[in-house]
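One structure is given below, encoded as C-alpha cells.
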Amino acid sequence: MEHAEEHEACLEQTQRYYVERPIYNQELLQGQLHRRERTPQTLRQKIAHSCRCSSKKAKSHLYSFLPILKWLPRYPVKEYLLGDIISGISTGVMQLPQGLAYALLAAVPPVFGLYSSFYPVFLYTFFGTSKHISIGTFAVISMMVGGVAVRQVPDEMISVGYNSTNVTESLDYYDARYTKRVQVAVTLAFLSGIIQLCLGLLRFGFVAIYLTEPLVRGFTTAAAVHVFTSQLKYLLGVKTNRYSGPLSVVYSIAAVLSKITTTNIAALIVGLTCIVLLLIGKEINLRFKKKLPVPIPMEIIVVIIGTGVSAGMNLNESYAVDIVGNIPQGLRAPAVPEIQLIPEIFVDALAIAIVGFSMAVSMAKIFALKHGYTTDGNQELIALGICNFVGSFFQCFSITCSMSRSLVQESTGGKTQVAGALSSIMVLLVLVAVGYLFEPLPQTVLAAIVMVNLKGMFKQFGDVAHLWRTSKIELAIWVVAFVASLFLGLDYGLLTAVAFAMITVIYRTQRPQYRILGQIPDTDIYCDVEEYEEVKEYPGLKIFQANTSLYFANSESYASTLKKKTGMDPCAILAARKKAQKRHAREIKAANELRKKAVLKLVNSSTNDLEASVKHEIANDELPVNGKFASADASSVQDMSPDEHEHFVDPKPNIHSLILDFTPVNFVDSVGAKMLKSIIKEYKEVGVSVCIASCSGPVMNELTRLKFFDNTVTRELLFHSIHDAVLACQVRRVCCTD
C-alpha cells in the first residue's frame, strides 16, 4: 500500500528539464552539423541495381509472389488443422447458397455463382496474404456486374447477339439472353483481373486510400438499396424487366409496383418464411455467439428446406413458382472471353477492380491487426487479379472478399488460407456430385438469403447520426456517395463520390485553421492565444501558424489571413505613408506660398497701419498643418531633419517582429515560395522583421531547390524552433533600441 502511494506521488510530481544552449537559426545549426556522405545514383545505376539478380533476391520475390511457399512448410498441423477444417466446412456451407443467390444479382444463371465460388477461392490460397478473409461472390460486386450485363444485353434483346460464342458454345440449356450476359460478365472479370494485376505489379496498392471509409460505406449502403430493390420481383414472384444506369432504382420500384397485382402468393409466402427463419437464426448466432461451437448454418438449412418443399409440392408446376432450374454436373472446359467487348466495359471494369480491392484490403487489414500479422496491399492486388483473370477462363464473374463469410471463417477458428481451400472443395463436390439436387430450389429463397444478408449494410444508415456529431465533411462525403450511387448508378456514383472526396481535400487545404500563438509563461511551449487564458503574447511580436502546406491553392488565403490575424497590412501602411508624404508636401508648399505672399506685402507696406492690415489678412488666410497654423509652424517644418520629417508623417506599425510557424507545413511549391518571399519583403519595408520557425528538412530542401534564398532572404531567418525565433527577435530588438 505504501509503495503504491509513493508511486502515485512520484507520478503526480511534475517532471522538469533544463537545457542551456545557443539560439539556433538554420545557418548556425547547419554550420555545426556534418552531413553524411551520399553518392547519388544515376538512372542507369538504379535500373541496373533493380535488375540485378541473386539467389537471395530471387527467393524473396518468389516468396512474395507465392506466399504459400512461406507459410505452408511451417504449418502447425496439430494446432491449426482442426480449426481450419471446422472453419472451412462452415464457410463452405455458407458459400453454396450465397453463390447461387449472388448469381441472380450478376444477371447470370445460378451455376455460374458456384463456378465463381470455387476457382477464385482455391487460387487465393496460393497467392493471398490474408489468413482470414473469404474470397468469392459478394453482393455489391455482383450487383455492379449485373448492371453492366443488363446495360449491354437488356431484357428486350433476345435474338441479336455477339458474333463469337467461345464462352457459351455448349450452353444449349440457357436462352440467348443469358448466354450473352454470361459473355459480358466473364469479359468483365477478365478485364478487371488484368487491371488489378497490372496495378499490383506496378506497386499501385495505395490507390485504395482514395476510397475513404465514409465513401465506401455510403457507396455500399446505396448498393444495398440497389440489391434489395432488384430482389423484390423474385420475392413477389412478378415478371418485370431489369434496369441499369441512372434512376434504375426508381424504374425497378415502379415496375414492381405496376405488377403488384400479379404477385405470386405461394412465392411470397415461401420467401417471407425464409426471411423470418434467417433473421431468427442470425439473432440466435449473435446472442449465443460464445456458447455455440460453430454458428448455426441457417442459409444452407433454408436452402435444403426450400428445395425439399419445392420438390415435394411441385411448386414450379402447381403454383408457377420460379425455380433455379438446370444445374449441369461437372466443370466446364476453359474458353477465351469476348475480347471485342473490352472497349465498351473498360470504365466499369476499372470501377469493379478498385472497389473489389478496397473491400478485400480493408477486411484483410482488420483481421491482420486483430491477430498480429501483416498483409501486403500490392500482393493482395496481384492475388485478386489472378483470381479474376484466371477465373474468367472458367466462366467466373468478378469476385472479392465477402464480409459476412469472412467473419464466419474467422469466428469459427480459421487460422490460415487452408480454411478457404476447404470451403472451395465443398463447392467443387456440389458441382461434381450433387448440384442437380438444388434444381427445384425456388428463386424466392435465394432472394430471401440476399435480402437478409443486407442487414449489416442497412445498419450503416446509423453513420449519418455519428458523422453529424463528429465530422460534417465526412458526412457530406457519405451522403454524396449514397445519393449519387443510388440515383446515378453504382459506376457513375462511385466516380462522382471519388471526385467529391478529392474536392473536400482541396477545400480543407484552402480553408485551414489559422492561429496566433502565445507563450505559456516560463516555458518554451506556444499555444493558441484564443483558446487558453494563461497564454500570453510578447509585446510587439506576433507568431502566426496555419495547419496546412503552402502551395498555389492556398497561398493567397495564407497572405490575406496573415494580415487580418496580425492586424497589420504592409500595403495599407505603405499607401498611408505615401498619402501622408504627399499631403505634407502640399502643406509645406502652401505654407511657403503664404510666407512669400506675406513677405511681399510687408515689403510693399510703408506704414504700421498697412503692416497691421497685412498681418490681419495673413491670419485669416492661414491653413492648418497637422493641427497647427502654417504661419506659426512653417519655419519649424522647414527646419526638421529627414528622420524627424519621416517620423512626423509615417504611420508606425504596432509590431516589430513576425514569426511564421512552419511546423504543420509538409511542402511548398513555387507559388508558395514566391508568396512567402513577397511577405518578407513587404513587412521589411514597414520595419517588421519576418522569421520562419520549425521548418522541416524536406521543406527547406524544396525552398533551396526553388531558389528561395538569396542576399535579402538568408537562412538566418530560419530557426530551429519557435522559442529560438522569439529569443532572437527579442535580442535583435534590444540591440536596435540601444
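Observations, loosely collected:
- Residue list for segment 433-463, filter: surrounded by fewer than 16 Cβ atoms within 10 Å (Cβ to Cβ) and within 39 Å of the chain's Cα centre (by Cα): K455, G456, F458, K459, F461, G462
- Among the residues of segment 393-411, the ones that are more than 18 Å from P97 (Cα to Cα) and open to solvent by 10 Å² or more (accessible area, probe 1.4 Å) come to 4 in all.
- Members of segment 57-90 found to be open to solvent by 90 Å² or more (accessible area, probe 1.4 Å) and more than 37 Å from the chain's Cα centre (by Cα), listed by number: P73, R74, K78, E79, L82
- The set of residues in segment 541-558 that are surrounded by 14 or more Cβ atoms within 10 Å (Cβ to Cβ) and either touching a Pro at 6+ places or on another chain (Cβ under 9 Å) or under 15 Å from R511 (Cβ atoms) (or both) comprises Q545, A546, N547, T548, S549, L550, Y551, A553, N554, S555, S557, Y558.
- Per the listing V309, V294, V303, the residue uniquely within 26 Å of L232 (Cα to Cα) and open to solvent by 40 Å² or more (accessible area, probe 1.4 Å) is V309.
- From L268, L315, residue being in contact (Cβ under 8 Å) with a residue 24 or more places away in the chain, touching a helix residue (DSSP H, G or I) at 6+ places or on another chain (Cβ under 7 Å) and open to solvent by 30 Å² or more (accessible area, probe 1.4 Å): L268
- Within segment 139-161, if we keep just the residues that are open to solvent by 60 Å² or more (accessible area, probe 1.4 Å) and not β-branched (V, I, T), the residue that is modelled with the lowest pLDDT turns out to be S159.
- Checking the stated criteria, L428 turns out not to satisfy the condition of being without any contact (Cβ under 8 Å) to a residue 12 or more places away in the chain, open to solvent by 20 Å² or more (accessible area, probe 1.4 Å), more than 29 Å from I269 (Cα to Cα) and in a helix (DSSP H, G or I).
- Taking first residues from segment 49-71 that are touching a residue at least 12 places away in the same chain (Cβ under 8 Å) and partners that are open to solvent by 80 Å² or more (accessible area, probe 1.4 Å) and among the β-branched types (V, I, T), no Cβ contact under 6 Å between residues at least 6 apart in sequence or on separate chains turns up.
- Any helices (runs of 4 or more DSSP H) falling wholly within segment 620-699 and containing at least 1 residues that are at pLDDT below 90 and in contact with a Leu (Cβ under 7 Å, 6 or more places away or on another chain): 630-638, 670-685
The values are calculated or read from the model by the stated rules, or taken from the named source; none is laboratory data. Values in this document were obtained by computation on a predicted structure and should not be read as measured data. Please note: Cβ atoms are built from the backbone with ideal geometry, for glycine as well, and neighbour counts cover all protein chains shown. Just the protein is used for accessible areas: all its heavy atoms, side chains included, with ligands, DNA and RNA removed. Shrake-Rupley method; radii C 1.70, N 1.55, O 1.52, S 1.80 Å.
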